[in-house]
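Scroll down for the structure; my scribbles are underneath it.
Please treat every number below as a calculation from the coordinates, not as lab data. Just so we're clear, the structure is a prediction, and the values are computed from it rather than from any experiment. Counting neighbours? That spans all protein chains shown, and the Cβs are built from the backbone with ideal geometry, glycine included.
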Protein chains: 4
Amino acid sequence: MSALGALGQRIWVFPDGDIPPHDPYDPALKNSETHGHESLVVLNTGSTTVNPILRVYFPEREPWCIKLSPIPPERVACYRTDEPLGPEGRQIPEGQYALVLECEMPVVAQIGRMDIRQPNLAYYTVMGFPAST
Amino acid sequence: MSALGALGQRIWVFPDGDIPPHDPYDPALKNSETHGHESLVVLNTGSTTVNPILRVYFPEREPWCIKLSPIPPERVACYRTDEPLGPEGRQIPEGQYALVLECEMPVVAQIGRMDIRQPNLAYYTVMGFPAST
Amino acid sequence: MSALGALGQRIWVFPDGDIPPHDPYDPALKNSETHGHESLVVLNTGSTTVNPILRVYFPEREPWCIKLSPIPPERVACYRTDEPLGPEGRQIPEGQYALVLECEMPVVAQIGRMDIRQPNLAYYTVMGFPAST
Amino acid sequence: MSALGALGQRIWVFPDGDIPPHDPYDPALKNSETHGHESLVVLNTGSTTVNPILRVYFPEREPWCIKLSPIPPERVACYRTDEPLGPEGRQIPEGQYALVLECEMPVVAQIGRMDIRQPNLAYYTVMGFPAST
């Protein structure tokens with residue numbers, strides 16, 4: 001099949017991020033398959049590698065700017081926002097934050113959260129708001 | 001890094017709000033980390049402070065209009081809709097309501113609900129509908 | 001305050017509806033505050049009454065067309081899709097269905113599902129896809 | 001009633017797919033009504049049959065291209081992404097994947113996930129990102 005070309009938009013906004021605590025309430029639940037996390041998932045349908053920049057906003061401090069690892073052509077990438085990000089390994093602290101993803105080519109971006117602080121997981125997902133100007 | 005400028009839209013609509021009861025079914029669950037709530041999260045990526053106006057609609061009464069606390073440049077703000085809002089401390093009653101957020105500059109707004117009325121939390125999130133005219 | 005005018009769009013599409021069984025797995029959970037349901041929530045910010053038409057699509061039968069009760073100006077309305085709808089009291093059967101809401105004036109529409117077939121509720125919500133032509 | 005015509009867009013993007021394991025943690029939960037799955041739901045409101053093409057993207061391999069079964073006029077179709085897809089019965093492996101749905105006529109597409117790996121189900125849904133060029 002022929003490639004689709006680069007679908008989506010260059011800028012995606014996620015207002016409601018919240019890093020859940022690493023330790024679940026019930027330690028027996030912590031295993032390799034289910035652990036609390038937030039993941040930013042980005043699809044590059046284009047034929048060139050994309051180099052995303054992630055801006056992280058907070059309620060009471062200056063925003064951060066992080067270079068994410070590149071996404072090859074026709075691949076999906078998953079960035080765990082509860083783990084160190086970028087070449088400097090920056091760790092977003094627990095609590096409220098917002099994200100703006102910026103790429104040099106159109107992509108489509110979605111975020112998902114899995115929370116296992118209680119005996120059963122709860123999770124949700126949301127497509128970013130496309131805000132290319 | 002340079003600021004991104006004001007991303008998003010000036011008006012955001014959230015049809016489905018529902019204040020969950022404050023008291024969980026299992027009182028042992030109520031603690032500082034998990035409590036039932038609905039939060040309106042607003043990201044201001046611009047370089048000026050934003051002063052949001054929140055309109056609250058109900059099934060059977062006239063809408064309210066509430067001034068929210070301002071959002072500084074490049075900050076994310078979280079408004080708990082189950083707590084008193086605005087300078088008059090207006091409390092949205094339990095039950096169905098809808099929100100329209102209006103700002104003088106573009107922002108991006110999302111709402112999330114966490115429900116702990118039963119032994120395990122359930123939650124969801126949704127991006128607002130951007131309705132600037 | 002002055003009215004905002006009619007925000008939103010005239011046509012909203014919801015592909016993924018699924019009526020959950022009325023009876024929970026654990027009968028002790030059935031009470032006035034939590035019961036399985038799907039709700040279509042529609043906000044009319046305009047200054048005139050809106051008369052919505054709901055089209056219901058199925059995997060293997062002809063679509064239905066149902067007149068919903070009108071929404072007064074500046075009010076939010078909630079239609080339970082698991083209960084009889086419209087003047088003829090049509091009951092959507094259990095299983096897969098899709099909805100298209102059509103109004104004569106712009107509105108904003110969102111659907112939510114609460115499922116209590118197991119000991120703890122699970123729910124989600126999604127904004128409709130605005131498809132006015 | 002008269003048909004609405006083909007509502008929606010021709011291309012829909014879903015970045016965050018993740019096939020959950022077939023086996024629940026608690027085997028007692030596996031029954032005909034609740035089982036872990038991801039479903040792509042597509043509504044064709046038009047008056048002609050639609051023949052969808054599904055492209056599946058992965059983190060580290062070439063994308064797949066799968067012909068889905070056609071959707072008759074004015075019908076909703078549900079494709080289980082955890083089951084064999086298309087005439088060749090291709091099975092998406094467990095783990096991260098992304099989808100792009102392409103149709104010759106406008107449709108509206110949404111994905112939902114139900115996870116029962118723990119004693120209580122968790123699920124979510126998201127409308128696709130409409131990316132017609």
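Going highest first, how would you order D:73-83, B:78-88 by mean Cβ packing within 10 Å?
By packing density, highest mean first, the sequence is D:73-83, B:78-88.
What's the average, rounded to a whole number, of partner chain beta-carbon atoms within 10 Å of each residue's beta-carbon in C:106-113?
5
Is there a simple number for the mean count of other chain Cβ atoms within 10 Å of the Cβ of residues in A:48-55, and what is it? Provide the component values of the computation, followed by the final result.
Working: counts 0, 0, 0, 0, 0, 1, 0, 5.
Whole-number average of other-chain Cβ neighbours for A:48-55 is 1.
How would you order A:95-102, A:10-17, A:50-57 from highest to lowest mean count of nearby Cβ atoms within 10 Å?
Working: A:95-102: 21.9, A:10-17: 26.2, A:50-57: 20.4.
So the peptides A:95-102, A:10-17, A:50-57, ranked by packing, come out A:10-17, A:95-102, A:50-57.
For region A:35-82, just say rounded, prolate or oblate: build the C-alpha gyration tensor, square-root its eigenvalues into a ≥ b ≥ c, call rounded for a/c under 1.5, and beyond that prolate if a/b exceeds b/c, oblate if not.
oblate
Non-local amide H neighbours of C:GLY46 (under 5 Å, H modeled in plane, Pro and chain starts lacking H): which ones?
For C:GLY46, whose amide H was placed from the backbone, the distant partners under 5 Å are C:LEU7, C:GLU74.
Would you mind ranking D:SER39, C:SER132 so that the residue whose beta carbon has the fewest other beta carbons within 10 Å leads the list?
Listed from fewest to most nearby Cβ atoms, that is C:SER132, D:SER39.
Residue-wise, which Karplus ³J(HN,Hα) couplings in Hz belong to region D:66-72, taking 6.51 cos²θ - 1.76 cosθ + 1.60, θ = phi - 60°, and x for glycine or proline?
10, 7, 8, 5, x, 10, x
Per-residue mean of other chain beta-carbon atoms within 10 angstrom of the beta-carbon, peptide A:84-91? List each step's numbers first, then the result.
Numbers: counts 0, 0, 0, 0, 0, 0, 0, 0.
Per residue, the number of nearby Cβ atoms from other chains is 0 on average.
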